[in-house]
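What follows is a single structure, written as structure tokens, with notes after it.
The values are calculated or read from the model by the stated rules, or taken from the named source; none is laboratory data. None of the values given here were measured: they were computed from a predicted structure. Backbone-built Cβ (ideal geometry, glycine too); neighbour counts: all protein chains shown. Accessible surface areas use protein heavy atoms only, side chains included; no ligands, DNA or RNA. Shrake-Rupley method; radii C 1.70, N 1.55, O 1.52, S 1.80 Å.
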Amino acid sequence: MRALVARRLDGPDAIELIETPVPRPGPGQVRIEVAAAAVNPVDVGTANGALVRIGLTPPRDQFGLGWDVAGTVDAVGLGVDLAVGTSVVGLSDLLGRPLKTHAEQVVLDAAAVTPAPRGLDPVEASTIPLNALTADQALDALALPAGAALLVTGAAGAVGGYAVQLARHRGLDVVATAAAADEALVRGLGARHFVPRGADLPTAVRELVPGGVDGALDAAIVGVAAQEAVRNRGAFAHLVATPAPPHLRGIRVHTVLVSADGDRLRRLVGLAGAGIIGTRVAGVHALDDAAAAYRKVAGGGLRGRLVLTP
């Protein structure tokens, strides 16, 4: 089979499409024939060596690429009750695997996948796992009650967009920040208030919500400026492995790094299938044109995810 890997860690132009033996599922695992796999910034960070440099994974001769996957189960290991032929969505969350989802086939733990709802296109489905799971797990960490005010930074991005939609579904009052040109998009996702990027964020938020919001989900990694918009003894979700803001004014600070969770993913793809949360596809590239997709993701500014198809 063909699979995309990073060896030199020199960036998008150094990724390689290799021929490699088809992997076999072990006990508790499934093999998926890949129909679609989204490209995320973390994939670019793997290819350019950033994740090694910040200590998220040790150096290796070969890194597999790709986290999200939608496809069809074509083999199962012992103890797995998913039937061959089942359409599934899944997440490969272990950085150090030599082969991941940017491939023609991939092996994942059965606990990391869930059946896909009928009618959900694989290309669209492949944009859900990493970003929606991150947003949902961050909202759980914040633990805000219905009616609470939540600031979402980077609200037009993939994680931020899901955070806005899922927060509204939980009954939260969303204040969103993004580029001024994205205001209509972000309000359409469910934000009641909007602050354009470049404004004095804490001042602008506190004008909308006197006393400050109850929590912030910092998808854009704004840091202390977003934290200053939070009331005393509120909550703050930091979504990368770099140092988080300090626990100022009694604010609970949570560093949230995604983990695969098939049960939670089942609920999220169900929400997508029901139209409660949306999917955003920025474009589709063939697997052998992956370098072009990686360059676009590295350049930023996309609204939605690029997707690779074998």
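Observations on the model:
- Between the amide H of residue 284 and those of 307, distances stay under 5 Å, these residues lying 5 or more places away or on another chain, with hydrogens modeled in the peptide plane.
- Couplings 3J(HN,Hα) of the stretch 13-20, computed from phi: 6, 9, 5, 10, 9, 10, 9, 8 Hz, in residue order, whole Hz [Karplus 6.51 cos²θ - 1.76 cosθ + 1.60, θ = phi - 60°; x for Gly and Pro].
- Lys/Arg +1, Asp/Glu -1 at C-beta; the stretch 129-266 dipole; positive extreme among 141, 224, 155: 141
- Choice from 183, 19, 104 showing the highest fluctuation, given a GNM over the chain with Cα pairs closer than 10 Å: 19
- Couplings 3J(HN,Hα) of the stretch 75-91, computed from phi: 6, 9, x, 4, x, 9, 9, 6, 7, 4, x, 6, 6, 9, 10, x, 9 Hz, in residue order, whole Hz [Karplus 6.51 cos²θ - 1.76 cosθ + 1.60, θ = phi - 60°; x for Gly and Pro].
- Coarse-grained scattering of the stretch 54-146 at q = 0.10, 0.13, 0.17, 0.23 Å⁻¹, given as base-10 log I(q)/I(0) from a Debye sum over alpha-carbon atoms: -0.32, -0.53, -0.83, -1.20
- Volume in Å³ per residue [convex hull over Cα atoms, computed for the stretch 134-275]: 97
- In the stretch 270-310 the Cα-Cα distances spread across 5 Å bins starting at 0 as 6, 22, 24, 18, 14, 12, 5 percent of all pairs.
- Alpha-carbon centroids, the stretch 236-310 and the stretch 11-58: separation in whole Å: 15
- From phi via Karplus (6.51, -1.76, 1.60), per-residue ³J(HN,Hα) for the stretch 149-157 in Hz, x at Gly/Pro: 9, 10, 8, 10, 8, x, 5, 8, x
- Segment residue 10-residue 207, extension gain: residue separation times 0.36 nm, minus the distance between their alpha carbons: 66.4 nm
- R0 of 35 Å, Cβ-Cβ distance residue 199-residue 295: FRET efficiency to nearest 0.05: 0.70
- Relative pair counts by distance (%), Cα atoms of the stretch 224-282, 10 Å bins: 20, 30, 29, 21, 0
- Placed amide H near residue 76: partners under 5 Å, 5+ positions off or other chain: 31
- Calculated FRET value between residue 118 and residue 224, using beta carbons and R₀ = 51 Å, to 0.05: 0.65
- Extension gain for the segment residue 1 to residue 259, taken as residue separation times 0.36 nm less the Cα-Cα distance, is 90.2 nm to one decimal.
- Length-normalised contact order for the chain - Cα pairs under 8 Å, 6+ apart - percent: 19
- By the Stokes-Einstein formula, at 0.890 mPa s and 25 °C, the chain with its Kirkwood radius over alpha-carbon pairs has D equal to 125 µm²/s.
- An ellipsoid equivalent to the stretch 1-49, defined through the eigenvalues of its Cα gyration tensor, has semi-axes of 23, 13, 11 Å when rounded to whole angstrom and sorted largest first.
- Take the Cβ atoms of residue 57 and residue 104, set R0 to 22 Å, and the FRET efficiency comes out at 0.40.
- For the chain, with all protein chains in place and a probe radius of 1.4 Å, 52% of the accessible heavy-atom surface sits on carbon or sulfur.
- Electrostatic dipole magnitude of the chain [Cβ: Lys, Arg +1; Asp, Glu -1; Cα centre; debye, to 20]: 580
- Using just its DSSP H runs of length 4 or more, each adding -39500 (n - 2.57), the chain gives a mean residue ellipticity at 222 nm of -7000 deg cm²/dmol after division by all residues.
- Calculated over the stretch 28-105, the projected area of the Cα convex hull averaged across directions stands at 5.3 nm².
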